[in-house]
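Worksheet: the structure to be examined is printed underneath.
Please treat every number below as a calculation from the coordinates, not as lab data. This one's a predicted model, so the numbers in the text were calculated from it and none came from an experiment. Glycine gets a Cβ as well: all are built from the backbone with ideal geometry, and neighbour counts include every protein chain shown.
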Amino acid sequence: MSTQRPRLSVIGTGYLGATHAVCMVELGYEVIGLDVDTEKVGRLAKGEVPFYEPGLPELLTKHATNPRLRFTTSYEEAAEFADVHFICVGTPQKKGEYSADLRYVEAAFTSLSPHLSRKALVVGKSTVPAGTAARMEKLMRSLTPTKDVELAWNPEFLREGLAVQDTMHPDRLVFGVNSDWAEQQLRAAFAPMIEEGTPVIVTDFATAELVKVAANSFLATKISFINAMAEVCEATGADVTALADAIGHDERIGHRFLRSGLGFGGGCLPKDIRAFIARAGELGVDQAVSFLREVDEINLRRRARTLELGLDLVDGTYRGTRIAVLGAAFKPNSDDVRDSPALDVAASIERRGGDVVIYDPHAIENARRVHPGLIYVESLEEALLGADVTMLLTEWDEFRSMDPAVVGKLVGQRNIVDGRNVLDPVRWRRAGWRYRALGRP
Ligand code: UGA
C-alpha cells in the first residue's frame, strides 16, 4: 500500500459521503464511492448530485469522466480497491427515543469487513455515541479474514450549504487512533489539508467521538442561549438583535451562531444533542448534560411562539386564513428538510385550519415527500398572492431582499412574521405592514 497517496473508498454517499468522495478526487486521490441505494449510485455515476449543495454539481461534472472517480454498490469492489475506507453513513434519531439509530453504521461494518483481506484502515466519520468505535473495532475484527485491519475515528464538521469549502479547507482534523500506523495513514489521506496548515488533533477513540457531539452541543447551546434572551426581550420590550450585536463584540462571545429566531433544525444538531443526553444517561453522567434538555426545549418553544405571533395577526384563529410560508428547508442554501422548523410550523398551521401555501427555492420536492398534504408553489409571487399573513421561516436571500412595497401589492393583508429576524422592521412598518418577530418589539 502506498502511504504517499492511499486509495480511498467512501461508504455512504449522502450529504457527507458524496461531498467527501468528490472533494478527495479534486485533491488528487483515487476514490470509489459506495452506496446500497442503486438509484443514488446511478445518478452519481452519471455526474448528477442527488441533493442540493452549492458548488458540488460543478465539481462532480468536472470529474464525471475522471478515471480516478467511480461509484459502486459492491462492497467486494470497494474492499478490493481501497487502502483507506471512510464510513459516512447516517445515524438518525431512533423513532420514539432519544438515542441514535446505529443500524446503518453496523451494516456498513458488517458488509465491508468480510471482504477486507489485506492491510487496510477503516475510518469512521459518522457521528456516533461514545463507545461505538470500540464496539465496531471488535465487530470488524470478528469478521475480517486478516488481522491486518485497523480502525480510526475521524469526525466530520462540515456544514450543509458550505460542504465543499468545509471539506477542502477544514478548520481542524481530529484523528482518533490506536497506532502510529493508523495516524500515518490518515495524515497521508489528508495530506493536502495538512500541508495548508490545518491543525491536527491526534487522540483516542472516545475523545474523537466526543469532540463531535461536544461541538454540536456547544453550537446548539449558543443558539438556544440567544433564543432564551429573545424570550426575556419580549417580556421587557428589548430588542434581541441589538443585544446579540452588542454582546457579540466581546471576542470571547463572538457574533457567530448568535442569530436568534425560529431556532435550529436539520439532520444533526437536534438529534445529536438528544443522542448525547441518552448516552450520558447510560454512562451514569446524565446530570452533566441535563442542560441540553433545556437547550432542546427552548429551541422547540421557538416554533410554538412563531405560531402565536402569526395567530396574533389573524385575530386568534388560523381557520379560513391563507398563510404564505416562505421556506421549507431547515436553513438556506440547503434542500434538507429533516427536522425543519419551517416545515414544522407550516404543518402546525395547517392542522389549525389555515390554508398554508409554501414556497422554497430548492426544498419543495423533499418537503412534499414528508408533508404531501400541504400546498407547494413554484414562485415567491404565487405564495404571496392573497395571503393574510406572510411567514418568513427560512432566510433565503430571495426572501431577505424582498421589497415591502412591491410584495405588499401581492398579499391580501400586509401582515408579516419574520421568523429569522432578517428584515428591517422600520422599513416594513413604514410600507404599511404589521411586523412581528421573535424577541423584537
Ligand atoms: C451542523 C454543524 O454546524 C456542523 O459543524 C456539523 O458538521 C453538522 O451539523 C453535522 O453534525 O453534520 P448543519 O446542520 O449543516 O451543521 O447546519 P448549521 O449551519 O449548524 O445550522 C443548524 C441550524 O441552526 C439551522 O437550522 C440554522 O438555521 C440554525 N441556526 C444557526 C440558528 O438558528 N442560529 C444561528 O445563529 C446559527
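Annotations for the structure displayed:
- For the chain, built as a Gaussian network whose Cα springs stay under 10 Å, the top-fluctuating residue of Arg305, Arg352, Arg70: Arg352
- Whether the range 289-441 is rounded, prolate or oblate, judged on the alpha carbon gyration tensor where a/c under 1.5 counts as rounded: rounded
- Which of Leu151, Leu262 has the fewest Cβ neighbours within 10 Å, and the rest in rising order: Leu151, Leu262
- Using θ = phi - 60° and Karplus 6.51 cos²θ - 1.76 cosθ + 1.60, couplings along the range 405-410 (whole Hz; Gly, Pro as x): 6, 5, 5, x, 6, 8
- Among Val36, Ser142, Thr203 the positive-end extreme of the charge dipole of the range 8-203 (Cβ point charges): Ser142
- Over the chain: helical MRE at 222 nm, DSSP H runs n ≥ 4 each giving -39500 (n - 2.57), nearest 500: -13000 deg cm²/dmol
- Within the listed set Gln287, Gln413, Gln93, the residue fluctuating most in the Gaussian network model of the chain (springs between alpha-carbon atoms under 10 angstrom) is Gln287.
- For Val202, the amide hydrogen comes within under 5 Å of the amide hydrogens of Phe175, counting only partners 5 or more places away or on other chains and with H modelled in the peptide plane.
- Of the trypsin sites (Lys or Arg not before Pro) found in the range 373-441, the ones in coil according to DSSP and having at most 14 other Cβ atoms within 10 Å of their Cβ are Lys409.
- Estimated dipole of the chain in Debye, rounded to 20 [Cβ of Lys and Arg +1, of Asp and Glu -1, Cα centre]: 480 debye
- Converting phi to 3J(HN,Hα) with the Karplus coefficients 6.51, -1.76 and 1.60 and the offset θ = phi - 60°, the range 392-401 yields 8, 10, 10, 8, 4, 3, 4, 8, 4, 8 Hz in sequence order, with x at every glycine or proline.
- The chain: relative contact order in percent, alpha carbon pairs under 8 Å with at least 6 residues between: 12 percent
- Scanning residues 5 or more positions from Met391 or on other chains, those with amide H under 5 Å from its amide H are Ala324, Val325, Leu326, Val417, with H placed 1.01 Å from N in the peptide plane.
- Centroid-to-centroid separation of the range 4-61 and the range 72-105 [C-alpha atoms, Å]: 15 Å
- Secondary structure note: in the chain, about 5% of the DSSP beta bridges are antiparallel.
- Size of charge dipole - the range 218-437 - debye, nearest 20, with Cβ of Lys, Arg +1 and Asp, Glu -1, no other charges: 240 debye
- Gap separating the Cα centres of the range 367-434 and the range 305-332, nearest whole Å: 10 Å
- Whole-Hz ³J(HN,Hα) from phi, Karplus 6.51 cos²θ - 1.76 cosθ + 1.60, for the range 5-10, glycine and proline x: 9, x, 7, 10, 10, 10
- Cα gyration tensor shape for the chain, rounded if a/c is under 1.5, else prolate or oblate: prolate
- Global form of the range 8-203, assessed from the alpha-carbon gyration tensor, a/c cut-off 1.5: rounded
- Built amide H within the under 5 Å cut-off of Val123, gap 5+: His85, Phe86, Ile87, Ala152
- Using a Förster distance of 41 Å, the FRET efficiency for Asp403-Thr61 (Cβ separation, nearest 0.05): 0.70
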